[in-house]
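Asker: Input: one structure, supplied below.
All of the numbers you see were taken from the coordinates with simple rules; none came from a lab. If you're wondering where the values come from, they're calculated on a predicted model, not measured in any experiment. Here the Cβ positions follow ideal geometry from the backbone for every residue, glycine too, while neighbour counts run over all protein chains shown.
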Amino acid sequence: MNAPLAPGLYIVATPIGNLGDLSPRAADVLARADAIAVEDSRVTAKLLHHIGVRRPMTPYHDHNAESVRPGLVARMASEAIALVSDAGTPLISDPGYKLVRDARAAGHAVVTIPGPCAAIAALTLAGLPTDRFLFLGFLPPKEKARADAIAEVAGVRATLVLYESGPRLAATLTTLAAVLGDREAAVTRELTKKFEEAVTGTLASLAARYTDAPPKGEIVVVVAPPGEAPPASAADADAALAEALTRLPASKAAGEVAKRFGLDRKALYARALEMKA
């Protein structure tokens, strides 16, 4: 018989579709945990059936987290509590981080068992830059709030990754195109399942594709970063230099503006002296 797990919190990533993606280590922890904190016991029961075990489950989700969390944290003093989401890595777009925070504050061990994550899987399929990316989770459902949220990150030089539902996909793609411009993007769905797909194109073309044919399944949208910014104009440089001169001597003002716009420092220094004179 396997030795019992040490008390504490075990963050266990579960498959996002294909049950074969459950790691041996994850299966071992789930089989030996004293209890499993779950989003939906019916979903986790199917996973436990797949590995041939039964374990006590405690619902832990957005609607009951505040009331359930103290009891779970107290139990970690003497029990191994596993945390799972319905699919993928816990804490990604769910309330798990507060359980981790409180467990650590109480002095309990916190262990992560990494594995599938829809956001990362979508990045690998999209064919867009992956050196820097920003995960946005689910955008607000209302149009203005959604547009405002997108505008906040429009200038971020990174690939954007977000989750969406089929019925809202076309509206979200349309808003993305309106706020960000017609960037390259990918719509990925049914990740790791039989009908996995990644449809690529511009945001406008993807919005048109899905307007009358909303897809089923869980969806991840990946959007390319903005293109290179146009070179600064002489007026832009003068305005920045004038502002910098209110705070800095000419040499430092020229250096600051040169670094910001990628311009020649000596030429800016000469211009700064002209402006001061």
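Asker: Explain nothing, just the number: relative contact order of the range 234-276, from Cα pairs under 8 Å at least 6 residues apart, as a whole percent.
Answerer: Details: 37 pairs, mean separation 16.0, N = 43.
Relative contact order of the range 234-276: 37 percent.
Asker: When the chain is modelled as a GNM with alpha-carbon springs shorter than 10 Å, which of A204, A254, A82 fluctuates the most?
Answerer: Checking each option, the largest mean-square fluctuation is seen for A254.
Asker: Working from Cα positions, state the angle (0 to 90°, nearest 10) between the long axis of helix 41-51 and the longest principal axis of the chain.
Answerer: Roughly 70 degrees, rounded to the nearest 10.
Asker: Moving on to the next point. For V68 and R247, what does the FRET efficiency come to when R0 = 51 Å and r is the distance between their Cβ atoms, rounded to the nearest 0.05?
Answerer: Working: r = 52 Å, r/R0 = 1.03.
Step by step, r from the Cβ atoms, then E = 0.45.
Asker: Hey, another quick one. In nm, what is the difference between 0.36 nm times the number of residues separating A145 and A178 and their Cα-Cα distance?
Answerer: Working: separation 33, 0.36 × 33 = 11.88 nm, distance 1.38 nm.
Using 0.36 nm per residue and subtracting the Cα-Cα distance, I get 10.5 nm.
Asker: What is the angle, in °, between the Cα long axis of helix 143-152 and the longest principal axis of the Cα atoms in the chain? Nearest 10 is fine, range 0 to 90.
Answerer: The answer is roughly 70 degrees.
Asker: I would also like to ask the following. State to the nearest 20 debye the size of the charge dipole of the range 153-230 about its Cα centre, where the only charges are +1 on K and R beta carbons and -1 on D and E beta carbons. All intermediate terms of the calculation are to be shown ahead of the outcome.
Answerer: On the way: 8 positive and 9 negative charges, 28 e Å.
It works out to roughly 140 debye.
Asker: Cα to Cα, under 26 Å, and not fewer than 8 places away if on the same chain: which lysines meet these conditions relative to K259?
Answerer: Once the sequence-local lysines are set aside, what remains near K259 is K276.
Asker: Which value in nm describes the separation of the simple spin-label points at A234 and E274, placed 7 Å from the Cα toward the beta carbon?
Answerer: 0.7
Asker: Which length gain, in nm to one decimal place, applies between A106 and A3 when the Cα-Cα distance is subtracted from 0.36 nm times their residue separation? Let's see the in-between values first.
Answerer: Working: separation 103, 0.36 × 103 = 37.08 nm, distance 2.46 nm.
Working it through step by step, the gained length comes to 34.6 nm.
Asker: Among all the lysines, which ones have a C-alpha under 19 Å from K98's C-alpha, if same-chain residues fewer than 8 places away are not counted?
Answerer: Those lysines meeting the cut-off do not exist here.
Asker: Using Cα pairs closer than 8 Å and at least 6 residues apart in sequence, work out the relative contact order for the chain, in percent. Could the numbers behind the result be given before it?
Answerer: Working: 480 pairs, mean separation 45.7, N = 277.
That works out to 16 percent.
Asker: Work out the FRET efficiency for H61 and R25 from their Cβ-Cβ distance, taking R0 = 22 Å, and round it to the nearest 0.05.
Answerer: Values: r = 25 Å, r/R0 = 1.12.
After rounding, the FRET efficiency stands at 0.35.
Asker: On a straight-distance basis, which lysines could pair with K46 in a cross-link, Cα separation under 25 angstrom, same-chain partners fewer than 8 positions away excluded?
Answerer: Those lysines meeting the cut-off are K193, K194, K216.
Asker: To continue, here is another question. Divide by every residue of the chain the summed helix terms, -39500 (n - 2.57) for each DSSP H run of at least 4, and state the resulting mean residue ellipticity at 222 nm, rounded to the nearest 500 deg cm²/dmol.
Answerer: Working: 11 runs with 120 residues, N = 277.
Calculated mean residue ellipticity at 222 nm is -13000 deg cm²/dmol.
Asker: To continue, here is another question. Which one of A177, A126, A149 has the biggest mean-square fluctuation once the chain is modelled by GNM with Cα springs under 10 Å?
Answerer: So, out of A177, A126, A149, the one fluctuating most is A149.
Asker: What whole-number distance in Å separates the alpha-carbon centres of the range 191-209 and the range 51-91?
Answerer: Their Cα centres are 34 Å away from one another.
Asker: Given contacts defined as C-alpha pairs under 8 Å and at least six residues apart, what's the relative contact order of the range 80-232, whole-number percent? Intermediate values should be presented prior to the final figure.
Answerer: Working: 231 pairs, mean separation 38.2, N = 153.
With pairs under 8 Å counted, the relative contact order is 25 percent.
Asker: Springs between alpha-carbon atoms under 10 Å, Gaussian network over the chain: tell me which of A45, A105, A239 tops the mean-square fluctuations.
Answerer: In the Gaussian network model the winner is A239.
Asker: Further, regarding this structure: Given the chain, what percent of its DSSP beta bridges are antiparallel, to the nearest 5?
Answerer: Numbers: 17 of 36 bridges.
So the antiparallel bridges amount to about 45 percent of the total.
Asker: Same structure again: For the chain, with only Lys/Arg (+1) and Asp/Glu (-1) charged at the beta-carbon, what is the dipole magnitude about the Cα centre, in debye rounded to 20?
Answerer: Working: 31 positive and 30 negative charges, 101 e Å.
That gives a dipole near 480 debye.
Asker: I'd like to know which of A154, F138, V220 lies farthest towards the positive end of the charge dipole of the range 118-223, counting +1 on Cβ of Lys and Arg and -1 on Cβ of Asp and Glu.
Answerer: F138
Asker: Once the Cα atoms of helix 65-75 and of the chain are each reduced to a long axis, what angle between those two axes, in degrees from 0 to 90 to the nearest 10, is obtained?
Answerer: It works out to around 60 degrees.
Asker: For the chain, just run the numbers: alpha carbon Rg, then divide by 2.2 N^0.38 Å, N being how many residues it has. Working shown, then result.
Answerer: Values: Rg = 25.0 Å, N = 277, 2.2 N^0.38 = 18.6 Å.
Normalised Rg, Cα atoms only: 1.34.
Asker: Right, next: Looking at the range 8-113 only, what percent of DSSP beta bridges run antiparallel? Nearest 5 please.
Answerer: Values: 1 of 15 bridges.
In the range 8-113, approximately 5 percent of DSSP beta bridges are antiparallel ones.
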